[in-house]
Amino acid sequence: MHIRNLLALCALVTGGTASATAAETKPMEVYTNDSAEWIPLYGETWWDYYHPDWEGAFPGGRSNRFHEQYVQAQWFKNQITKDWKIFNKSYVFDGEWFAVEWHYQATYLSDNFTEWETTLGIGRIVDGKMILWTEYFDDSVGKLQKLALMPFPEEGETVFPWPAKARISLPYRP
């Protein structure tokens, strides 16, 4: 997954759609730093509730809320994928911290190939808003699927970086 797909991914974590002003602060009805309470209230659209000091860390770089606004604007001008699906989400909560794993699929506009990858994200809530988002994913999975070297996960399969039936390994993964 490319960094310019990030906001579309965030928007589609639950099937939502990001708007051009996604990183703007929205009014909140409930302020809480308890992630187990916050996620059901705001987690489906967390990009609308960035803390002013929000930071993101992703494979390929770091970001802040102003950079995310720019990335999102570029995404809508230069989309490379469509039909994002996020499913099989699993959350773990620990006070202001939370982690979430999920499967996602996206179809490339260039050749209609649909990849099926997974991600792990770790977030933190401060002052009732998302202040930290760290995301981990293995971008080689989609590339290997496209080359027919990596199988797709089974429907309902536990979220792991590689599908359970994968029989290959890379040199740094014995």
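Give the residues of region 93-129 that are in contact with a Gly (Cβ under 6 Å, 6 or more places away or on another chain) and of a type outside the set (Val, Ile, Thr), sorted by residue number. First the steps, then the outcome.
Residues of region 93-129 that are in contact with a Gly (Cβ under 6 Å, 6 or more places away or on another chain), as a first pass: 98, 100, 115, 117.
Residues satisfying the conditions are 98, 115, 117.
Remark: pairs (first residue in region 156-170, open to solvent by less than 80 Å² (accessible area, probe 1.4 Å) and at pLDDT 80 or above; second residue outside any loop (DSSP other than H, G, I, E, B) and among the aliphatic types (A, V, I, L, M); Cβ separation under 9 Å; 6+ apart in sequence or on different chains) = 159/120; 162/141; 162/144; 163/141; 166/141; 166/144.
Which of the residues spanning region 90-111 are loosely packed, with under 14 Cβ neighbours inside 10 Å, touching a residue at least 12 places away in the same chain (Cβ under 8 Å) and on the phi < 0 side of the Ramachandran plot?
Keep residues of region 90-111 that are loosely packed, with under 14 Cβ neighbours inside 10 Å, which gives 90, 92, 94-95, 109-111.
So of that shortlist, the ones also touching a residue at least 12 places away in the same chain (Cβ under 8 Å) come out as 90, 94-95, 109-110.
Scanning region 90-111 gives 90, 94, 109, 110.
Pick out the one residue from 155, 115 that is assigned to a strand (DSSP E or B), acidic (Asp, Glu) and over 21 Å from residue 48 (Cβ atoms). Before you say what the answer is, go through the steps one by one.
Details: 155 fails: assigned to a strand (DSSP E or B).
Answer to the selection: 115.
Taking every residue in region 25-52 that is touching a residue at least 24 places away in the same chain (Cβ under 8 Å) and more than 15 Å from residue 92 (Cβ to Cβ) and pairing it with any residue that is open to solvent by 60 Å² or more (accessible area, probe 1.4 Å) and in a helix (DSSP H, G or I), at least 6 positions away or on another chain, the pairs with Cβ-Cβ distances below 6 Å are 30/41. All conditions but one from (1) closer than 24 Å to residue 32 by Cα; (2) over 13 Å from the mean Cα position of the chain (by Cα); (3) buried (at least 17 other Cβ atoms within 10 Å of the Cβ) apply to residue 141; the one that does not is (1). Scanning region 3-48 for residues that are within 21 Å of residue 119 (Cα to Cα), open to solvent by less than 50 Å² (accessible area, probe 1.4 Å) and either over 17 Å from the mean Cα position of the chain (by Cα) or at pLDDT 90 or above (or both) gives 35, 36, 38, 39, 42. Among the residues of region 72-112, the one identified as under 19 Å from residue 57 (Cα atoms) and assigned to a loop (DSSP other than H, G, I, E, B) is 96. Of the residues making up region 112-127, just one is farther than 13 Å from residue 89 by Cα, modelled with pLDDT under 95 and open to solvent by less than 10 Å² (accessible area, probe 1.4 Å), namely 115. Residues being open to solvent by less than 70 Å² (accessible area, probe 1.4 Å), modelled with pLDDT of 75 or more, β-branched (Val, Ile, Thr) and more than 13 Å from the chain's Cα centre (by Cα) are represented in region 69-77 by at least one member.
The values are calculated or read from the model by the stated rules, or taken from the named source; none is laboratory data. Worth saying up front: this structure is predicted, and the values here are computed from it rather than measured. Cβ sites come from the backbone with ideal geometry, for glycine too, and all protein chains shown count toward neighbours. Please note that ligands, DNA and RNA were not included when accessible areas were found on the heavy atoms of the full protein model with its side chains. Shrake-Rupley method; radii C 1.70, N 1.55, O 1.52, S 1.80 Å.
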